[in-house]
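The values are calculated or read from the model by the stated rules, or taken from the named source; none is laboratory data. From a predicted model like this one, the values you see are computed outputs, not experimental measurements. Cβ placement follows ideal geometry from the backbone for every residue including glycine, while neighbour counts extend to all protein chains displayed.
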Ligand code: KG4
Ligand code: ZN
């Protein structure tokens, strides 16, 4: 059989996205409409605003994506959409649109777990990445270490017991007046600061249990900001740099533990929005090298939410199809 193509749809948070990806790992077209502007005044994603924006934008976005590739629905082999986890209004918009397109075109519907999209995304760009690999999944909603043994075969080795790391980046950004979304802004400011200036905790580092915790770090950042206002001798940039360094120490320590306990793996892989962070990538690359492992990270535009990773997960699942009454799931552990 020739090249097969999957249409992917993503709408679980604040990006409305569509993409066409082939089983030859080619992204034929992809479009992302960000809602950052709409949510910025509120300092975070407002679910009702997100759902309305997805509903208004998704259909024209899909039409434009098909037109970019010079294709119609008739040329597509399957339609893959995020069915959860995420903000339920947005997920429903994407999933119901995918169902309508699948019904009209008589193509299979493939319901994708958003986390699986992130977990398999490194294989879109890297054909040599084989199972099993150790995945650090770090996003706005999740912080997990997963042993990826195959498509649909994920063993969760660790998760956060409180906040996700992206959340901690976003709250730090808000505290430092950097606006939303915060991760990239904190990273930029951290480059100008001294990571040794502000003493911050490294929650759970050295502990025997495998999990993550960032709530204590977040509160310590808040206290540091208050101390600065009261005259402590450091800057916002020093706080950003010290926060990022503490976060990296936590990630590296927990990931090192997972590498030691996971059994043989082919690579250390990082994915999710926070994986766009250059300093985090550098630290993980060094950790992988110390364990004699290749380090794989998707290109930046495939780290934050996008539809190419959903289409790719659909490619990985080609041959299967989900019923048209598949529910949207706000919570859906891998
Ligand atoms: O994967 P993603 O786009 O959405 C979720 O599924 O959560 O991740 C978004 C998160 C946000 O918290 C954002 O601040 C963070 O990823 N992020 C970063 C960077 N770029 C995005 N965090 C740290 N450094 C970055 N460069
Ligand atoms: Zn995501």
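Consider only pairs whose beta carbons are under 7 Å apart and that are at least six residues apart or on different chains; among these, list those whose first residue lies in the stretch 50-68 and is assigned by TED's automatic domain parsing to the domain that holds residue 91 and whose second residue is part of a helix (DSSP H, G or I) and at pLDDT below 95.
Hits for this filter: 53/38.
Determine, yes or no, whether residue 153 is over 23 Å from residue 264 (Cβ atoms) and away from ligand 1 (no atom under 16 Å from the Cβ).
So residue 153 fails the test.
When you go through 135, 147 one by one, which is the residue that is within 16 Å of ligand 1 (Cβ to nearest atom), in contact (Cβ under 8 Å) with a residue 60 or more places away in the chain and crowded, with 19+ Cβ neighbours inside 10 Å?
Going through 135, 147 in turn, the sole match is 135.
Taking residue 304 as meeting all but one of (1) touching a residue at least 60 places away in the same chain (Cβ under 8 Å); (2) under 24 Å from residue 142 (Cα atoms); (3) more than 16 Å from ligand 2 (Cβ to nearest atom), write down the number of the exception.
(3)
Is it the case, given these coordinates, that residue 176 is surrounded by fewer than 23 Cβ atoms within 10 Å (Cβ to Cβ) and closer than 27 Å to residue 43 by Cα?
yes
Filter the stretch 254-280 down to the residues that are surrounded by fewer than 17 Cβ atoms within 10 Å (Cβ to Cβ) and under 18 Å from residue 166 (Cα atoms), then identify the one that is nearest to the chain's Cα centre (by Cα).
278
Can you tell me which residues in the stretch 312-323 are assigned to a helix (DSSP H, G or I) and more than 16 Å from ligand 1 (Cβ to nearest atom)?
Hits for the stretch 312-323 are 314, 315, 316.
Scan the stretch 93-115 for residues that are crowded, with 24+ Cβ neighbours inside 10 Å, in contact with a helix residue (DSSP H, G or I) (Cβ under 6 Å, 6 or more places away or on another chain) and in a helix (DSSP H, G or I) and jot them down.
Within the stretch 93-115, 93 is the sole residue that qualifies.
Exactly one of (1) within 19 Å of residue 308 (Cβ to Cβ); (2) within 16 Å of ligand 1 (Cβ to nearest atom); (3) in contact with a helix residue (DSSP H, G or I) (Cβ under 6 Å, 6 or more places away or on another chain) is unmet by residue 50. Its number?
That leaves (1) as the condition not met.
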